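As structure tokens, the structure follows; a few thoughts come after it.
The values are calculated or read from the model by the stated rules, or taken from the named source; none is laboratory data. Just so it is clear, the structure is predicted and the values come from calculations on it, not from any experiment. Neighbour counts run over all protein chains shown; Cβ positions are idealised from the backbone, glycine included.
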């Protein structure tokens, strides 16, 4: 049991900060690949990134089981999430509403909940901590929310992620959604976004 | 009540209501409810056209007055937003005025009647004529979110039909219209297919507005309070009105143009002006009409000779008492 003083602080203004972070995630999800800055939290427990913690505080609560990848677990992070979000931390990622993973050790996408055809919203939203996000280069994104194409570079992902992502799309309406995080920046890839690694 | 941050778009908009109600959370709903609604909205965006169930709350107005739209707006809106609310295109009807003042009081947000100044627009049954931009969110109030409900009353069945993409019944219903009347007679809440997958109810907007939904730069969110469903159409997403190759989708057209502003491209309401058959057609979108009149456009003032021109005999239009 951690002492209260070990728990890093949450939002300065829980109501308005949650709203601002949600709007960033909403716009990120509605316009895949666009970067949004969420700088509401500065001091967060390792290995969580500030944007990861902000998204959790804005969206995760007692109704949403959260799965932490093995390399994302620490006493500080678990205490922080339990205290501020009040969420159950689960061992089985196929039962999680949200998951926090690192890009380098991202487990197979097929192990998360994908929902079912009648209730496709019962899928996992996976928060992926990367080593860098940049627009205008890298992957070519297409799909709802994108006028023609959008480019997004994602650094620090293990190989094979985008092959698995190509298998996620055809599951529609089922499938996982990704929130990509780099420090205080986030972008999102809903299940409808198709990713091309190299454009001729 | 939190401090309100100034926003550039407020320059010409109504300043935030300084008489904001105290004792309520920002934007009325409690935080746990907002989180639940926000998660539903995000799933809706990720699954365009799919109706996400949510735990709709009691709101301080009756079902049918926009409880779904209000809950979506309450979950989305922040102190930087400028809110516009329209009811059948008009900013000055009871429903629109009251929802606007509700958020001015509970969230202290700026409100406006101008489409171009708004960042969040809650609408009952119209899409503004002025094209929306990427910086705007359109929130629809939806009475019946299930487009298949009139064909299949059982929720378990319609859910299965959506899951299996089994929309034959909908096409048969449209075909029956053609067989019976020679055309598809549905004039509002005309079903659409979103991103080539889900058949979706666009809410009771006139079919005139359906083409505006297709690849709209703004995010479109739909809230149905009584039916407890939220759904969404992301920006730049294909929205196709259902039709047949030999009976393509068409929108309403009028012989008249707006009597006040002369617009020939907007959705017109028929207004009865006297008891002798006089009538005029005016823009349903009150802001669009006003902007055009401010810019110097003028209509013909309506057809005061409508009754005469249509040869309605005088004795049939006068009240019977003067004989």
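Just one residue in the set A:43, A:116 is part of a loop (DSSP other than H, G, I, E, B), over 13 Å from the mean Cα position of the chain (by Cα), within 11 Å of chain B (Cβ to nearest Cβ) and surrounded by fewer than 22 Cβ atoms within 10 Å (Cβ to Cβ); that residue is A:116.
State whether the residues of segment B:59-67 include one that is modelled with pLDDT of 95 or more, surrounded by fewer than 24 Cβ atoms within 10 Å (Cβ to Cβ) and either within 14 Å of chain A (Cβ to nearest Cβ) or assigned to a strand (DSSP E or B) (or both). Looking for residues that are modelled with pLDDT of 95 or more, surrounded by fewer than 24 Cβ atoms within 10 Å (Cβ to Cβ) and either within 14 Å of chain A (Cβ to nearest Cβ) or assigned to a strand (DSSP E or B) (or both), one finds none in segment B:59-67, hence no. The listed residues are B:37, B:77, and the only one of them that is at pLDDT 95 or above, within 14 Å of another protein chain (Cβ to nearest Cβ) and touching a helix residue (DSSP H, G or I) at 6+ places or on another chain (Cβ under 6 Å) turns out to be B:37.
Within segment A:7-23, the set of residues being buried (at least 19 other Cβ atoms within 10 Å of the Cβ), touching a helix residue (DSSP H, G or I) at 6+ places or on another chain (Cβ under 6 Å) and within 11 Å of chain B (Cβ to nearest Cβ) comprises A:18, A:21, A:22. Among the residues of segment B:275-301, those identified as closer than 22 Å to residue B:132 by Cα and touching a helix residue (DSSP H, G or I) at 6+ places or on another chain (Cβ under 7 Å) are B:282, B:283, B:287. Within segment A:14-37, is even one residue over 30 Å from residue B:71 (Cβ atoms) and part of a loop (DSSP other than H, G, I, E, B)? The answer is no; no qualifying residue exists. Restricting attention to segment A:24-40, the residues being more than 14 Å from every other protein chain (Cβ to nearest Cβ) and under 17 Å from residue A:128 (Cα atoms) number 2.
Here's a check for you: in segment A:46-79, which residue that is in contact with a strand residue (DSSP E or B) (Cβ under 8 Å, 6 or more places away or on another chain) and within 14 Å of another protein chain (Cβ to nearest Cβ) is nearest to residue A:183 (Cα to Cα)? So, considering only residues that are in contact with a strand residue (DSSP E or B) (Cβ under 8 Å, 6 or more places away or on another chain) and within 14 Å of another protein chain (Cβ to nearest Cβ), the one nearest to residue A:183 (Cα to Cα) is A:55. Residues in segment A:162-173 that are surrounded by 17 or more Cβ atoms within 10 Å (Cβ to Cβ) and either closer than 13 Å to residue A:106 by Cα or out of contact with any strand residue (DSSP E or B) (no Cβ under 9 Å at 6 or more places or on another chain) (or both): 2 in all. Between B:111, B:93, the distinction of being more than 14 Å from chain A (Cβ to nearest Cβ) and surrounded by 22 or more Cβ atoms within 10 Å (Cβ to Cβ) belongs to B:111 only. Counting the residues of segment A:126-154 that are crowded, with 21+ Cβ neighbours inside 10 Å and either within 11 Å of chain B (Cβ to nearest Cβ) or over 25 Å from residue A:98 (Cα atoms) (or both) gives 4. Would you confirm, using the coordinates I've provided, whether residue B:140 is away from chain A (no Cβ under 13 Å), out of contact with any helix residue (DSSP H, G or I) (no Cβ under 6 Å at 6 or more places or on another chain) and within 25 Å of residue A:26 (Cβ to Cβ)? For residue B:140, the condition - away from chain A (no Cβ under 13 Å), out of contact with any helix residue (DSSP H, G or I) (no Cβ under 6 Å at 6 or more places or on another chain) and within 25 Å of residue A:26 (Cβ to Cβ) - is met. For segment B:68-98, the set of residues classified as more than 27 Å from residue A:192 (Cα to Cα), in contact (Cβ under 8 Å) with a residue 24 or more places away in the chain and assigned to a helix (DSSP H, G or I) consists of B:70, B:95, B:96, B:98, listed by residue number. Could you tell me whether any residue of segment B:239-257 is within 13 Å of chain A (Cβ to nearest Cβ), buried (at least 23 other Cβ atoms within 10 Å of the Cβ) and either in a loop (DSSP other than H, G, I, E, B) or at pLDDT 95 or above (or both)? No, that holds for no residue.
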